[in-house]
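> First the structure, which I've put down as structure tokens, then a few questions once you've had a look.
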Amino acid sequence: MDPMAKGALKPPAVSSEKLFETLGVAAVPWRADVPLKVFGIVPQQLERNRLWRLLFAMYECSSIYRYGRVELNLFISEKEYTVLTAKPGKSKIYQAFTVLAQLGYEIELLHKEPWSSFATNLKNGGLAIPKAGRLPNDHFCLVRLTPQQNLFTGGLKPSNASTFIFMVKQSFAKPKSKLTDRLSSWSLDNSDTLLKALEIPKNASMCNLYPEDYKRLFEALQNSDLFAETFFHDEVLASTRTMNL
């Protein structure tokens with residue numbers, strides 16, 4: 001994973017560009033086959049932040065995703081896997097992270113292993129990973145994340161992906177709020193016409209929309225100059241890169 005800060009890296013760390021050059025991995029078009037498969041373990045410290053960084057890189061086709069649809073096979077906690085695969089309507093676990101991950105990746109659970117198999121606290125013999133109070137967290141999950149081949153079809157492109165990410169994140173600031181209220185806050189006057197064209201119910205809440213609905217909504221809103229020019233400012237987009245996600 002490339003660091004966010006630019007500049008020389010302290011050995012033994014190397015940039016993905018240098019690593020892939022050494023391995024002889026060449027960049028391929030996004031719609032081509034998977035050029036590389038990566039296996040790894042996501043550290044439990046700041047786990048969600050690390051997964052967010054991968055999402056940003058994928059949507060912007062930066063870092064390892066400059067080379068195409070790199071497949072990740074990662075061990076992550078069960079609680080993060082639960083959020084990754086949550087269904088619409090589950091307001092407490094269906095989040096912006098869920099929408100963006102499900103839209104961007106094909107998610108496949110390969111294996112679940114109890115924490116007790118390898119994660120112990122040497123001091124007292126207990127589990128090193130505490131149980132989550134709201135979400136199950138009894139296993140380490142090996143999950144395959146393959147970028148969707150058709151992600152960048154329609155109006156979504158790497159160049160406007162930051163805008164899309166911000167739109168989704170802001171939509172989940174109040175996940176139970178109505179979509180019509182959110183559109184009104186964006187000063188969109190023809191929301192009823194838009195929702196009818198998209199076949200989305202007027203009373204739909206933000207947490208009830210499917211990931212594909214968010215993409216279709218974004219692509220439709222791209223045709224609105226008001227949406228593009230007066231609401232999503234560059235300084236606001238920059239805030240999406242903060243790691244307090």
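What follows draws every value from the coordinates through simple rules; no lab data is involved. In this text, all values refer to a predicted model and were calculated from it rather than measured experimentally. Neighbour counts are summed over all protein chains in view; Cβ atoms, including those assigned to glycine, are modelled from backbone coordinates with ideal geometry.
> Read phi for every residue in the stretch 51-62 and hand back ³J(HN,Hα) as whole Hz from Karplus 6.51 cos²θ - 1.76 cosθ + 1.60, θ = phi - 60°, with x for Gly and Pro.
5, 4, 4, 5, 4, 4, 4, 5, 5, 9, 6, 10
> Let me ask something additional. For a quick check: sort ILE165, ILE200 by the number of other beta carbons within 10 angstrom, fewest at the front.
Least crowded to most crowded, the residues run ILE200, ILE165.
> Got a sec? How would LEU74, LEU9 order by Cβ neighbour count within 10 Å, fewest to most?
Exposure proxy ranking, most exposed first: LEU9, LEU74.
> Before anything else, pin down the relative contact order of the stretch 141-221: Cα pairs under 8 Å, at least 6 apart, normalised by residue count, whole percent.
36
> Sticking with this structure for a sec: Report, in debye and to the nearest 20, how large the dipole of the stretch 25-147 comes out about its Cα centre when Lys and Arg carry +1 and Asp and Glu carry -1 on their Cβ.
For this selection, approximately 320 debye.
> Could you compute the FRET efficiency for ARG144 and LEU19, with r as their C-beta to C-beta distance and R0 at 22 Å, rounded to 0.05?
Here the calculated transfer efficiency is 0.55.
> Per-residue HN-Hα couplings for the stretch 87-95, Karplus 6.51 cos²θ - 1.76 cosθ + 1.60 at θ = phi - 60°, whole Hz, x for Gly and Pro?
Values per residue, Gly and Pro as x: 9, x, x, 7, 4, 7, 10, 7, 10 Hz.
> Here's a follow-up. Determine, for MET1, MET206, the number of other Cβ atoms within 10 Å of each Cβ, and report the residues in order from fewest to most.
Numbers: MET1 14, MET206 25.
Lowest count first: MET1, MET206.
> Quick check: pseudo-label points 7 Å beyond the Cα along Cα→Cβ at SER184 and ASN223, how many nm apart are they?
2.4
> Which net charge results when you count Lys and Arg as +1 and Asp and Glu as -1 among the other residues whose beta-carbon is under 13 Å from that of GLU219?
My count for the surroundings of GLU219 gives +1.
> Lys and Arg at +1, Asp and Glu at -1: add these up for the other residues within a Cβ distance under 11 Å of GLY155 and post the number.
Value of the local net charge: +2.
> For the stretch 131-160, which trypsin sites (Lys or Arg not before Pro) are both in a DSSP coil and crowded by at most 13 other Cβ atoms within 10 Å?
Counting only loop positions with at most 13 other Cβ atoms within 10 Å, the trypsin sites (Lys or Arg not before Pro) in the stretch 131-160 are LYS131, ARG134.
> Once both labels are modelled 7 Å past Cα along the beta-carbon direction, what's the GLU106-ARG31 spacing in nm?
Between GLU106 and ARG31, the simple spin-label model gives 1.6 nm.
> Mind checking which lysines have their C-alpha under 27 Å from LYS202, skipping anything on the same chain fewer than 8 residues away?
Reachable lysines: LYS87, LYS90, LYS92, LYS169, LYS174, LYS176, LYS178, LYS215.
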